[in-house]
Amino acid sequence: MAYKKSVYIRAKEIMNKRRLDAERQQEMRHSQAVMRCPELLTLEREIASYGAEVIKAVGMGADAGDFVRRLSVKSLEAQKKKAELLKNAGLSEDFLEPVYSCPVCKDTGTRAERICPCYTELVRQLAREELEEKASLSRHSFLNFNVNNYPDAEDKVLGVNQREQMTNVLSFCKSYAADFSLKSPSLIMLGATGLGKTHLSLAIAGEALDRGYSVLYDSAHNIMNKLEAEHFGKDSFSESIREDLLKSDLLIIDDLGCEFVTQFTKAELYNIINSRILSSLPTIISTNCTARELEEKYTQRTASRILGYYYPLAFCGRDVRQIVKKAP
Ligand SMILES: [Zn+2]
């Protein structure tokens, strides 16, 4: 799973804050406990001194075992006294223990050199929040995609019933999302503006994210602007978008064809598409362009990569946004 670097950085910051908060609260509870029973400090120093004395066992030879055992007994007795002191002060035995959000990794994100599930979950949640801010995933789910907004009439160009076609497209997208993996095919969503291409690609994005895959979603216009800014040094402080485009588990390029096309953007688009095909990473492109327009705009080799490798989904109907706006 390759999430954006910003997501990992934010996750690390949150983990650090959780750990520091737990440790600060522990310190506060400790000072409360000392105020109630000052003898606690003496006992704690005693316990610490037994720990420090263990080092003396080195070089003792045969006597080392006995020495360490005596220290352990003394240490255990002091710990029992400490527990009694807390109890007598009306405090629980674990009152002085830090309370971590995740007791497994103690809010470090790793345990025994392995990533803790709490960290994986946090990263997934942050990735979802980031996409939610950009595109409102909650408004674009399969549940609120209404096929009744599509006319129960034939599409003259495709020669199919529009509502049936969109029912099939919806059903395909649902299965695609449910079975999504790095082996999933790439998709090209074709059709005019406002037919639900963005809606269904975001519905897929939401499910892929929920299942732990990293998703990068953006319009072709924004992607190209960011690449240009990075390439021409206008945005040298931002993180590299190129790496995210090439490595995210699922890349969704919305509205291809509406951006300003230059030699630079043509080359970049080919590089993104070709590199992801070579890495076997799925991509979803939505476009208002026809196959011929793709060829004309982006060169024949780019169009043939897309049309040769991507599974086509034809959207039809009327502009759903206009229909929804008119609804009472
Ligand atoms: Zn954890």
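The values are calculated or read from the model by the stated rules, or taken from the named source; none is laboratory data. Only a predicted model underlies this, so the values are computations on that prediction, with no experimental measurement involved. For neighbour counting, all protein chains shown are included, and Cβ atoms are generated from backbone atoms with ideal geometry for every residue, glycine included.
Data table
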{"item": "Qualifying residue in region 155-169 (condition: over 18 Å from Arg318 (Cα atoms) and in contact with a Leu (Cβ under 8 Å, 6 or more places away or on another chain))", "result": "no"}
{"item": "Checking Asp218 against (1) crowded, with 19+ Cβ neighbours inside 10 Å; (2) at pLDDT below 95; (3) within 21 Å of the chain's Cα centre (by Cα); (4) in a helix (DSSP H, G or I), the condition it does not meet", "result": "(4)"}
{"item": "Criterion: more than 28 Å from Glu164 (Cβ to Cβ), in contact with a strand residue (DSSP E or B) (Cβ under 8 Å, 6 or more places away or on another chain) and in the same structural domain as Cys173 (by TED's automatic domain parsing) - qualifying residue of Ala303, Ala229, Ala220, Ala267", "result": "Ala220"}
{"item": "Condition met for Asp155 (away from the ligand (no atom under 16 Å from the Cβ), among the charged types (D, E, K, R), in contact (Cβ under 8 Å) with a residue 12 or more places away in the chain and more than 20 Å from Arg211 (Cα to Cα))", "result": "yes"}
{"item": "Counted residues, region 85-96 - those being out of contact with any helix residue (DSSP H, G or I) (no Cβ under 7 Å at 6 or more places or on another chain) and outside any loop (DSSP other than H, G, I, E, B)", "result": "2"}
{"item": "Residue check, Ser101 of a type outside the set (Lys, Arg) and exposed (fewer than 15 other Cβ atoms within 10 Å of the Cβ)", "result": "no"}
{"item": "Residue match in region 273-290 (condition: free of Cβ contacts under 8 Å to residues at least 12 places away in the same chain, surrounded by fewer than 17 Cβ atoms within 10 Å (Cβ to Cβ), over 23 Å from Gly206 (Cα atoms) and touching a Leu at 6+ places or on another chain (Cβ under 9 Å))", "result": "no"}
{"item": "Every pair of residues 6+ apart whose Cβ atoms lie under 7 Å, when the first sits in region 62-83 and is within 15 Å of Ser49 (Cα to Cα) while the second is part of a helix (DSSP H, G or I) and of a type in the set (Ser, Thr, Tyr)", "result": "Leu71/Tyr50; Lys74/Tyr50; Ser75/Tyr50"}
{"item": "Of all residues making up region 97-134, the number that are more than 9 Å from the ligand (Cβ to nearest atom), in a loop (DSSP other than H, G, I, E, B) and either modelled with pLDDT of 90 or more or not hydrophobic (A, V, I, L, M, F, W, C) (or both)", "result": "4"}
